[in-house]
Amino acid sequence: MRDTPDINTLPGLLLHWYDVHAREMPWRVGPAQRKAGILPDPYRIWMSEIMLQQTTVATVRDYFQRFVTRWPTVRDLAAAQDADVMGEWAGLGYYARARNLLKCARAVVDEHGGVFPADHDALLKLPGIGPYTAAAVSSIAFDLPHTVLDGNVERVMARLYDIHTPLPAAKPLLMAQAQALTPAQRPGDYAQAVMDLGATICSPKSPACGICPWRDPCAARDAGTQNLLPKKTPKKPKPVRHGTVYLAQRDDGAWMLETRPEKGLLGGMLGWPGSDWLDISEPLPEGTPPLKADWQTLAGEVRHTFTHFHLILTVKLAKVPNDTAGSFVTRAQFRPSDLPTVMRKAYDLSQT
DNA sequence: TACTCGTGGTC
DNA sequence: TGACCAAGAGT
């Protein structure tokens, strides 16, 4: 059994709290099992960390279960069809993650013999693995002393040391503080403990300082500034863009769908043919219909907000003969859940 | 550095 | 109800 830092130290206080309050997750090995020398499957930790990027635990749970059930090992995933992985990822967002997930799995098989490297720098070279994920996998899956710096840790450090420098400029300073705290003992538990603290107690709004294991040493709580931290540089307003999509259905029920280009928004995902999305509403961008047909403009519209713009889509629908040329997905193969959400909204509108 | 890249929940 | 937010990476 490994030592835990003394309870009078900051890491010791946090680990003691984590031993009692650790959240349970499908990919996680809890503190009791870790003390018995059990470490999690690096494949599952990697998978969960990719999914958790900018995504809530509640949303990830179901996707994680479906992925590891369908592809239990990195070799299974590396052998998967691209379209199957993209379809399974549909709805989770940030689709470059799914493209890189496949690239990474194949790189692990081709370049590392199907075994995830423990080394932080080797992990960093893999597609889709950046500074955070490299530190998370090496610490959580291999119990190596690397420091995770995610949104939780940034918030916790900013408050613990009452740092008022706005993000993202404050990142190097916050990282230095986080590294100085990272213990040599139980680094995997510690990484998860800081993030659990940020997610459950040191939350963005109304942090529960009264029950925080770090309430006494916390400089922001002492100064009463915890609700002002971390400071962030203001965001730019989102423009409104407009566009048109074309939903063509054959008489046998097949839908005309295209696989979007690898790069750019919704890259590699299925989508309806349509116009570009422009910052103008007059005239409405209609583009060119994918085929000649009796297009009916549906009542209503699709509204959707992406990270950096709002989108309003006009939906046009047409029935076409079974001998129509083009890229169709048969009724049997078509699953609305394979579509990214904005495209599924257009389909939903056509079914009302 | 700053921008691109999704989605659903929250208040 | 619109803005903010969530275990960031790539360019």
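Starting at 0 and stepping by 10 Å, how many percent of the alpha carbon pairs of chain A end up in each bin?
Percent of Cα pairs in each bin: 5, 21, 25, 22, 16, 8, 3, 0.
Is there a quick way to get the dipole size of chain A? I mean about its Cα centre, with the Cβ of Lys and Arg at +1 and of Asp and Glu at -1; what is the value in debye to the nearest 20?
The calculation lands at about 540 debye.
How much of the accessible area of chain A, in percent, comes from carbon and sulfur atoms when a 1.4 Å probe is used?
That share works out to 52 percent.
Would you mind working out the accessible area per residue for chain A, using a 1.4 Å probe, and quoting it in Å²?
Accessible area per residue, chain A: 49 Å².
Report P(r) for region A:199-352: all Cα-Cα distances, bin width 10 Å, range 0 to the bin holding the largest distance, values in whole percent.
10, 30, 22, 12, 13, 10, 4, 0
Can you bin region A:13-105 into rounded, prolate or oblate? Criterion: square roots of the alpha carbon gyration tensor eigenvalues sorted a ≥ b ≥ c, rounded for a/c under 1.5, prolate for a/b above b/c, oblate for the rest.
prolate
Once the whole set of protein chains is in place, how much accessible area is left on A:Asp222, using a 1.4 Å probe, in Å² to the nearest 10?
140
With +1 on the Cβ of every Lys and Arg and -1 on the Cβ of every Asp and Glu, and nothing else charged, how large is the dipole of region A:263-352 about its Cα centre, in debye rounded to the nearest 20?
Computed charge dipole of region A:263-352: roughly 340 debye.
Just to make sure I understand: if all protein chains stay in place, what is the order of A:Lys345, A:Lys205, A:Lys232, A:Lys103 by accessible area at 1.4 Å, largest first?
The ranking, largest first, comes out as A:Lys205, A:Lys232, A:Lys103, A:Lys345.
Per DSSP helix of 4 or more residues, -39500 (n - 2.57); summed, then divided by the residues of chain A. What does that give at 222 nm, rounded to the nearest 500?
Estimated from H runs of four or more residues: -11000 deg cm²/dmol.
The values are calculated or read from the model by the stated rules, or taken from the named source; none is laboratory data. No experiment lies behind these values; they were computed from the predicted model shown. FYI the Cβ positions are ideal-geometry reconstructions off the backbone, even for glycines, and counts take in every protein chain you see. Side chains included, ligands, DNA and RNA excluded: accessible areas come from the protein's heavy atoms. Shrake-Rupley method; radii C 1.70, N 1.55, O 1.52, S 1.80 Å.
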